[in-house]
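Just so it is clear, none of the values below were taken in a lab; they were calculated from the coordinates. Predicted model, so just to flag it, every value in this text is computed and none were measured. Neighbour counts run over all protein chains shown; Cβ positions are idealised from the backbone, glycine included.
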Amino acid sequence: MYSLNSALRVDTPRLDSAEALNAYRENLIAGQDPNQTLVVVCHGTGCMANGSNRVTAAFQNAIEGADIKAKVMPGIKTTGCQGFCSRGPLVLIRPQGLFYQRVKEKDVEEIIQRTLIEGQPVERLLYKDPQTGKRIHTEQEIPFYKLQERVVLHNIGKIDPTDITDAIAAGAYRALAKALSGMTLEQVVSEVEQSGLRGRGGAGFPTGRKWRSAMAAIEKKGRPVYVVVNGDEGDPGAFMDRTIMEGDPHSVLEGLILGAYALGAEQGYLYVRAEYPLAIQHLEIAMAQARELGLLGENILNSGFSFDARINRGAGAFVCGESTALFTSIEGKPGNPRPKYTRSVEEGLWGRPTILNNVETWANVPLIIDKGGDWYAGLGVPHSTGTKVFSLVGKVNNVGLVEVPMGVPVSHIVEAIGGGVPGGAPFKAVQTGGPSGGCIPYHLKETPVDFDSLTKAGSMMGSGAMIVMDDSDCVVDVARYFLRFLEEESCGKCLPCRLGLTRMREMLDAFSKGVGTERDIEDLISLSQAIQDGALCALGSSAPNPVLTTINYFRDEYRAHFSDHKCPAGVCKDLITFSIDPDACTGCRSCARQCPNNCISGEKKQPHVIDANQCIRCGICKETCKFDAVRVS
Amino acid sequence: MIQFTINDQQVEAQHGWTILEAAREHGIDIPTLCYHEAVAPSGACRLCMVELKDGNWSKLVASCIYPVAEGIHVYTETERVHNVRRWIFEMLLATCPASPEISALAERYGVTSTRFSAADPDRTCMVCGLCSRVCEEVVGLSAIATVDRGVYKRVGAPFSRPTDVCVACGCCLSVCPTGAMQSLFDTVRGIPATIMTQLTA
Amino acid sequence: MAPVGKDMDTILEQYPAKPEYLIFLLQDIQSSYGYISQESMQQASDHAGVPLTQAYSVATFYQSFRLDPSGEHEVRVCLGTACHLKGGQRIVEELERRLNVEAGGTTADMRFTLNTVNCVGACALAPVVVVDDDYHANTTARKLEKHLKKLEHDVTADGEGQGHV
């Protein structure tokens, strides 16, 4: 764990009114020097894994060196994920806004000398536009950022997520002050309704309508009621919610407090995946700091409204992203979804009316209250308002986190922002919605990315993972992957899911070995229908989607496996062979040394040969070869 | 009383009943495996799926947990219902090939063969959880429970060891719809079920 | 086995005696002792006021709990979608061969536990392997083996990974 910037300044007051909060903010802003030199280092998980904490430490050590300190007084700030993960570690130099990428410890000295002291950019660390070949100085000019519209993510990468004063100076809790100092509960709910916000967790249910039904349920059943954050972001390939919780935890917390205010809830829960330790840590710090300032807990801002929240760490179960499974998990039980046809707004946690929204949904709420529902409804397209955050991963140049208005075409995200597939070939398909979603093939790349258009194309919005596949990715393999994932993650309670997913996966296993018939494809479709109709919860009923969309768009590729015994993408092990191109092989022996089955032979400096009968198709030779001499066919 | 239709036949039910209870009251057949009057329904086996229709709108629901409502139209023998049933039975025949109870039930609904191969020819348990639910809800002991998850889900006592929490009351044996508890029982209690049956007879 | 963090009494004292704290208790036991023994599970369920069967159901339902002692170092291979497309499965198979242990198991010398994880959310780094708290980005089984060898020789090795979180 890296050391945290210590929490609050000593003289933090407990804020006893909305006015006091606003005055406190003014004070903080007045205390900031816009011309101060600031080294901003990304401490998102991606950059951290690439060593950004060591870069920060190097800056700290160097800046503490006396002669540098004498000339400039640079501050160092660490932030949440700035989004451009494939270029990390990222370092920004303010106020110039210089954007340095792939910064290593050894670059720090040069940055300090050249930029901080001499005021010149370090050219080689600037981003190079792949099209023009020109170095780009600032973040805003880089296409990856320029083409985005950062609304939910607006503070992420700018604020230190472990320092509430930084968040407050940037506008955090302004919406809460506004609501507590003059909005009725009814007005808060109306504003959310007006915004047209739909749930960002997958299904896209209108958030305002959910809150409205909860109000109705409370009228019938009374209180207590609960508000819950679903931070169990389990979709493989998705890290939007992680980034928000890590990079701007106050946005989630403020949204939750506003929801609690609208419903009169006194207790809230944040259910966060155990795999996200940094998100949990930052939320804990955010809550402790908010409590100290009187923004959370007893009598918030002296308004008479009391609310507190606690974090439940997930224990490793994808199904707990399903609302009723999440509730049973908070109650301390195995996360089996409940077999009930009642809505959680009426009967949720401990059988009480409960509002459960996903992280990104909650993070949108303060913006809506602050700027108004009408403002929000003006973003995006009708029926899918606002922006959406996507994690863009897989076979794409610019891997990272992207926020765009709803309704932009898939191509805008994958090609314009993402920079397309490495090597320049067109992408094959984009998987949206994770294991519950489906794929959008290249010929539908102009499909607008909004809830309804994606559903029409056979996929779904899901939580926002976009996985780009190219010609070297096999659709049968990807469909198998998702089924195996869900087999492991199914709670196992209902038979269609527990038995059906395994049987579907077995049929795909057979395809990947070249065994199958046209009838099997028809059976797969029919069994998929039975699982969609029969499964107890959304995990099961959406599980067949990846299989159905890939059959729909790539049926010929399925057929090629069992009719021609070929995997066109060269992935399915039983249908491929590895060989060495004698013209490219230099006889360096490194593949032969690495082969776990010792089935590569040849004299030194002579072309080598793979014994196809002994080969286990592990691919290590291909990975090892520096001369690209290993062929797959 | 609540008025609605099942297969276009007008029926009546009391408030709070499920579709399954109403159907059985009126002699309309719906297959079930994990349902038992003694415990709360769990909606696990999904054999009792029925179709609700209203104009062009339709959806499938588990009749053992879906509460009756005024004016709904329930259909128990539609194509979609049959599709779910047929696949569940086909998969059950391959999962629990040693259970004569399951074969007999499948046969009653016209499923006598399966496209799937059996993984374990001796298996009878399909993990509907009736045994553990009766132990928890009726006996109040929770000597056994469903453990693990997903494809590995099974019924057992903690650490798969015989447990003295079990008082050998035999309730689990009597509710088990597939005969699986017979062989599971001795691993739970440490007493073979055959002896148990003699003792309680 | 001595706890790495809090001992059993401290863990129990932290939480009110209510069923909703069962998972919290088991998580703390897991992180202090590396696994959940039969005795500690009994103590946790007694404290939370639930039958042992419920604790056992919970401990076997969630992936992060282990019922057997785990190795000194935990190697978690991410199998999220991005990692799958970039060869995560191959890394698992290769590590299974090199460590001579199946995924989910612990090496005979108790040095390494090999696990898979369904996405750590660091997809830009695919394929990712997390060794203890170190994230290894764009890695291969070969690179990892070198790192693991180092760990094996140097019990106090720290920060050898590319960066930890």
- State the antiparallel share, in %, of DSSP beta bridges confined to chain A, rounding to the nearest 5. 55 percent
- What residue among B:179, B:16, B:170 shows peak mean-square fluctuation when chain B is described by a Gaussian network model with Cα springs under 10 Å? B:16
- Dividing the alpha-carbon radius of gyration of segment B:69-201 by 2.2 N^0.38 Å, where N counts its residues, gives 1.21
- Note on the structure: Counting all Cα-Cα pairs in segment A:20-109, those more than 15 Å apart amount in percent to 62 percent
- Not counting the cut sites, what is the longest span of chain A without GluC sites (Glu not before Pro) that DSSP labels loop and that have at most 13 other Cβ atoms within 10 Å? A:119-297
- When the Kirkwood radius is taken over all Cα pairs of the protein assembly as shown, what Stokes-Einstein diffusion coefficient follows at 25 °C and 0.890 mPa s, in µm²/s? 81 µm²/s
- Query: If you take the square roots of the eigenvalues of the alpha-carbon gyration tensor of segment C:1-73 and sort them as a ≥ b ≥ c, do you get rounded (a/c under 1.5), prolate (a/b over b/c) or oblate?
  - Reply: oblate
- With +1 on the Cβ of every Lys and Arg and -1 on the Cβ of every Asp and Glu, the dipole magnitude of chain A about its Cα centre, in debye rounded to the nearest 20, is 700 debye
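Provide a whole-number value for the mean count of partner chain Cβ atoms within 10 Å of the Cβ atoms in peptide C:90-101. Show your work: numbers first, answer last.
Values: counts 6, 1, 0, 5, 6, 0, 0, 5, 1, 0, 0, 0.
Going residue by residue through C:90-101 and averaging, the value is 2.
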- Query: Which distance in Å, rounded to a whole number, links the C-alpha centroids of segment A:288-347 and segment A:444-467?
  - Reply: 29 Å
- Kirkwood hydrodynamic radius over Cα pairs of segment A:577-632, then Stokes diffusion coefficient at 10 °C and 1.306 mPa s, in µm²/s: 149 µm²/s
- Item | Debye log10 I(q)/I(0) for segment C:73-153, one point scatterer per Cα, at q = 0.12, 0.20, 0.22, 0.26 Å⁻¹ | -0.27, -0.78, -0.94, -1.32
- Query: Hey, how much of the P(r) for segment B:78-123 falls beyond 15 Å, as a percent of Cα pairs?
  - Reply: 36 percent
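Rounded to the nearest 0.05, what FRET efficiency is calculated for residue A:302 and residue C:15 with R0 set to 41 Å and r the Cβ-Cβ distance? Kindly include the intermediate steps, with their values, before the conclusion.
Details: r = 31 Å, r/R0 = 0.77.
With a Förster radius of 41 Å, E is 0.85.
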- Quotient of Cα Rg and 2.2 N^0.38 Å for segment A:359-508, N being how many residues it contains: 1.16
- Query: Hey, fewest Cβ within 10 Å first, where do A:564, B:8, C:134 land in order?
  - Reply: B:8, A:564, C:134
- Item | Under 16 Å from the Cα of residue A:604 - aspartates and glutamates, other chains or at least 8 residues apart | A:581, A:583
- Message: Straight-line reach from residue A:513: which lysines fall under 24 Å, measuring Cα to Cα and dropping same-chain residues less than 8 apart?
- Response: A:428, A:566, A:573, A:622, C:86
- Return P(r) of segment A:475-563 (all Cα-Cα pairs; 10 Å bins starting at 0; whole %; ordered from short to long distances). 19, 56, 23, 2
- Message: With the cut-off at 1.5 for a/c, could you classify segment B:121-165 from its C-alpha gyration tensor as rounded, prolate or oblate?
- Response: prolate
- Query: Looking at chain B, which longest stretch skips every one of the GluC sites (Glu not before Pro) that is in a DSSP loop with at most 16 other Cβ atoms within 10 Å, leaving the sites themselves out?
  - Reply: B:78-201
- Message: Give the separation of the Cα centroids, segment B:1-80 to segment C:48-119, in Å.
- Response: 43 Å
- Query: Fewest first, what order do A:93, A:117, A:244 take by the number of other Cβ atoms within 10 Å?
  - Reply: A:117, A:93, A:244
- Quick one: putting +1 on the C-beta of Lys and Arg, -1 on the C-beta of Asp and Glu, what dipole do you get for segment B:130-200 around its Cα centre, in Debye to the nearest 20? 180 debye
- Would you work out if segment A:172-377 is rounded, prolate or oblate? Take a ≥ b ≥ c from the square roots of the eigenvalues of the alpha-carbon gyration tensor; rounded if a/c is under 1.5, else prolate when a/b is larger than b/c, oblate otherwise. rounded
- Message: Quick check: convex hull over the Cα atoms of chain C, volume per residue in Å³, rounded to an integer?
- Response: 121 Å³
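Size of the dipole of segment C:31-165 about the Cα centre, Lys and Arg at +1 and Asp and Glu at -1 on the beta carbon, nothing else charged, in debye to 20?
The calculation lands at about 580 debye.
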- Note on the structure: Inter-part gap, Cα centre of segment A:528-601 to Cα centre of segment B:92-114, in whole angstrom, is 34 Å
- Item | Rg/Rh ratio calculated on Cα atoms of segment A:248-338 (Kirkwood radius) | 1.01
- Query: Counting other C-beta atoms within 10 Å, which of A:81, B:135 has the fewest, and how do the rest follow?
  - Reply: B:135, A:81
- Within 10 Å of each Cβ of C:140-153, how many other protein chain Cβ atoms are there on average? 1
